[in-house]
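Take a look at the structure below.
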Amino acid sequence: METVTLPQGAIRYRDEGEGPVVVFIHGALVDGRLWEPVVERLRGKVRCVVPDLPLGSHELPMRADADLSPHGLAAMIAGFLEALDLHDVTLVGNDTGGALCQFVVTRHPERVGRLVLTDCDAFEDFPPKAFKGLIAAAKVPGALRAMLAPMRVRSARRLPIAYGWLTKRPVPDDVTDGWALRALDDRLILRDLRKALSGVDPKQLLDNTARLTEFAKPVLIAWSPEDKFFKFDHARRLAAIFPDARLEEIDDAYSFVSWDQPDRVAALVGDFARAGTAAGAQPAGVA
């Protein structure tokens, strides 16, 4: 992994492959390995850039004064694209990361050429009802650590209240070790997670939704109708809001479509990212 230093702190990231640039954004309590099965299939076709954002499963704590609110994290993503001098990127988001991508394309759209939203927070579900306890716990000293503590046990991570209903197929233990343990083992990582979760406010995402019509570039909504947390109706509504959007269903999957259906997700994202270059767009990553 490589490291880039931003005003908020150092970010580790993966950068693999060549071609049109695809930047993958993960959500809370996971890291860039959320996208690993998709990157494995795409790195021979596109350039895959995958940052580990400070959402509780990162390894490098941020500066104490870092703004980790949703708007602050969107600015961090924009700063990351600038620091790597990336242009005309295909920005791909999932879970909380999909909400952050929505903020990026309305507030910092300059380096984004296309947007892909997989199952993610939208409209008033920021977060979905099942995860609101995390937001409340983040605001009470000691409560978040206590809530996360059972996930030290690998079998507990497959419970519906943990990662169990986010995938149909088990994610390898070495991956979920990184997701579940870093905030428990490092008080500064836990501090960052508390800051990020405490800043989540449904009103912010609702207010931002009205501005999505301003993003007139191509949008792909790739969503599982079986998702237990992120409503498929939200996928339809998002596809109707963006001026140039299409909706693709991802069958036999839950929220983490990158692990449940990596072939399907990779095919959709790869074709979508390469379509801009084929149509004569400036090669991604070139100023």
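Total residues in segment 67-102 satisfying the condition of being closer than 23 Å to L205 by Cα, part of a loop (DSSP other than H, G, I, E, B) and open to solvent by 10 Å² or more (accessible area, probe 1.4 Å): the figure is 2.
Here A222, A210 are screened, and the one residue that is surrounded by 14 or more Cβ atoms within 10 Å (Cβ to Cβ) and among the small types (G, A, S) is A222.
Assigned to a loop (DSSP other than H, G, I, E, B), in contact with a Phe, Trp or Tyr (Cβ under 8 Å, 6 or more places away or on another chain) and among the hydroxyl-bearing types (S, T, Y) - does that describe any residue in segment 55-66? Yes, segment 55-66 contains at least one residue that is assigned to a loop (DSSP other than H, G, I, E, B), in contact with a Phe, Trp or Tyr (Cβ under 8 Å, 6 or more places away or on another chain) and among the hydroxyl-bearing types (S, T, Y).
Only one of the listed residues (R237, R246) is within 21 Å of P127 (Cα to Cα), modelled with pLDDT of 95 or more and basic (K, R). That residue is R237. The test for being open to solvent by less than 10 Å² (accessible area, probe 1.4 Å), at pLDDT 95 or above and in a loop (DSSP other than H, G, I, E, B) holds for G27. Against the test of being in contact with a strand residue (DSSP E or B) (Cβ under 8 Å, 6 or more places away or on another chain), more than 25 Å from E110 (Cβ to Cβ), of a type outside the set (A, V, I, L, M) and open to solvent by less than 70 Å² (accessible area, probe 1.4 Å), the options F242, F215, F229 yield a single qualifying residue, F229. A single member of L190, L205, L184 is in contact with a Lys or Arg (Cβ under 8 Å, 6 or more places away or on another chain), in contact (Cβ under 8 Å) with a residue 40 or more places away in the chain and open to solvent by less than 40 Å² (accessible area, probe 1.4 Å), and it is L190.
Looking across segment 15-24, the residues that are in contact with an Asp or Glu (Cβ under 9 Å, 6 or more places away or on another chain) and within 22 Å of Q102 (Cα to Cα) come down to P20, V21.
Residues of segment 129-156 that are within 11 Å of V200 (Cβ to Cβ) and open to solvent by less than 30 Å² (accessible area, probe 1.4 Å): I135, A138.
As a summary of the residue check, R169 satisfies the conditions (1) closer than 22 Å to Q102 by Cα; (2) open to solvent by 50 Å² or more (accessible area, probe 1.4 Å) except for the one numbered (1).
Restricting attention to segment 150-207, which residues are charged (D, E, K, R), assigned to a loop (DSSP other than H, G, I, E, B) and either touching a Cys at 6+ places or on another chain (Cβ under 6 Å) or closer than 17 Å to M62 by Cα (or both)?
Answer for segment 150-207, where residues must be charged (D, E, K, R), assigned to a loop (DSSP other than H, G, I, E, B) and either touching a Cys at 6+ places or on another chain (Cβ under 6 Å) or closer than 17 Å to M62 by Cα (or both): just D186.
Only a single criterion out of (1) acidic (D, E); (2) open to solvent by 10 Å² or more (accessible area, probe 1.4 Å); (3) closer than 30 Å to A64 by Cα is not satisfied by E249, namely (3). For first residues located in segment 133-144 and within 14 Å of A28 (Cβ to Cβ), partners that are open to solvent by 50 Å² or more (accessible area, probe 1.4 Å) and lie 6+ apart or on another chain with Cβ distances below 6 Å form the pairs A137/M147; A138/R194; L144/R194.
One residue stands out among those in segment 169-209 that are under 19 Å from the mean Cα position of the chain (by Cα) and of a type in the set (D, E, K, R): the one that is farthest from A146 (Cα to Cα), which is D201.
Quick check: anything in segment 264-277 surrounded by 22 or more Cβ atoms within 10 Å (Cβ to Cβ), of a type in the set (V, I, T) and modelled with pLDDT of 95 or more? Within segment 264-277, one or more residues are surrounded by 22 or more Cβ atoms within 10 Å (Cβ to Cβ), of a type in the set (V, I, T) and modelled with pLDDT of 95 or more. Each residue in segment 222-234 was checked for being over 21 Å from K132 (Cβ atoms) and out of contact with any Asp or Glu (no Cβ under 7 Å at 6 or more places or on another chain), and 1 pass. Taking the criterion of being in contact (Cβ under 8 Å) with a residue 60 or more places away in the chain and in a helix (DSSP H, G or I), the residues of segment 245-266 that qualify are V257, S258, W259, D260, P262, D263, V265, A266.
Scanning segment 38-52 for residues that are outside any helix (DSSP H, G or I) and either of a type in the set (D, E, K, R) or open to solvent by 60 Å² or more (accessible area, probe 1.4 Å) (or both) returns R43, G44, K45, R47, D52.
The values are calculated or read from the model by the stated rules, or taken from the named source; none is laboratory data. These numbers come from a predicted model, not from an experiment. As a convention, Cβ positions derive from the backbone with ideal geometry for all residues, glycine included, and neighbour counts pool all protein chains shown. Ligands, DNA and RNA are excluded from the accessible area calculation, which covers all protein heavy atoms including side chains. Shrake-Rupley method; radii C 1.70, N 1.55, O 1.52, S 1.80 Å.
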